1. Given +1 on the Cβ of Lys and Arg, -1 on the Cβ of Asp and Glu, and no further charges, what dipole in debye does the chain carry about its Cα centre, rounded to the nearest 20?
2. Can you run phi through the Karplus equation (6.51, -1.76, 1.60; θ = phi - 60°) for the stretch 140-155 and list ³J(HN,Hα) in whole Hz, with x for Gly and Pro?
3. Output the antiparallel fraction of DSSP beta bridges having both residues in the chain, as a percent to the nearest 5.
4. What dipole magnitude, in Debye to the nearest 20, does the stretch 131-222 give about its Cα centre under +1 on Lys/Arg Cβ and -1 on Asp/Glu Cβ?
5. Can you give me the Kirkwood hydrodynamic radius for the chain, using every pair of distinct Cα atoms, in Å to one decimal?
6. Mind checking the log10 I(q)/I(0) for the stretch 131-222 at q = 0.18, 0.23 Å⁻¹? Debye, one equal scatterer per Cα, no solvent, two decimals.
7. Report, in deg cm²/dmol and to the nearest 500, the calculated mean residue ellipticity at 222 nm for the chain, where each DSSP H run with n ≥ 4 adds -39500 (n - 2.57) and the sum is divided by the residue count.
8. Given the Cα-Cα distance of residue 103 and residue 130 and 0.36 nm per residue of separation, how much length would full extension add, in nm?
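Just so it is clear, none of the values below were taken in a lab; they were calculated from the coordinates. What you see is a predicted model; the values in this text were computed from it and never measured. We place every Cβ from the backbone using ideal geometry, glycine too, and count neighbours over all the protein chains shown.
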Amino acid sequence: MDRIKVLVVDDESRMRKLVRDFLEREGFRVLEAKDGVEAMEFFYSDKEIALLILDVMMPNMDGWQVCREVRQTSDVPIIMLTARSDERDELQGFELGVDEYISKPFSPKILVARVTAILRRSNALDAGQAVDAGGISIDRSAHQVKIDGREIELSYKEFELLSYFVENQGIALSREKILNNVWNYDYFGDARTIDTHVKKLRSKLGEKGNYIRTIWGMGYKFEVEER
């Protein structure tokens, strides 16, 4: 990780420290702001900020105001954090151009996974960088997957499906969301095609196929088993 800068904005110092510690552990450089006003000062003075993590409820200038102002001049990815689980808030966030919406309390590991996935989509992370998860190594530039150092052959969709799972590890993914992201939004086929591809993918991954867990009635979750 080449010290990519992430701006964390939250009026709670403990929350900022929690997020900072997990991000820095993964090699990110973290800037902290205690409110929206300070966040905008950072944002205007530092053009290397690659992503913002914004709390919604803050004094002086809340997360919505920050998002509106940032979007006037920049498409930098934004993750919103909120203690409220309100569909109206979530819809408002996406209308303002928020890339991800995460409700408190949340897993810091999941937040880091979302940061990594968003930055990879925005090309802030080197697309050729190999991604490793529990002995599975994915090299997107070479379109290559290795299991404990041994290369395996995957079809194009199997490769894309595995990449999507790994980039979103620990997150429960509905079949609809998988279709939208792996088969694209214009795909109107039967969602059971996902089950077929998952079955084949699990087989090719061998024991590590167990990392792909079925969430009954919903979809799947990729989770590396702790040793």
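1. 740
2. 5, 5, 8, 6, 10, 10, 10, 10, 6, x, 9, 6, 10, 9, 10, 5
3. Numbers: 16 of 34 bridges.
If we restrict to bridges inside the chain, about 45 percent are antiparallel.
4. My answer is approximately 280 debye.
5. Numbers: mean 1/r = 0.0533 Å⁻¹.
Result for the chain, one decimal place: 18.8 Å.
6. -0.76, -1.25
7. Taken over the chain, the calculation gives -12000 deg cm²/dmol.
8. Details: separation 27, 0.36 × 27 = 9.72 nm, distance 2.96 nm.
Residue separation times 0.36 nm, minus the Cα-Cα distance, leaves 6.8 nm.
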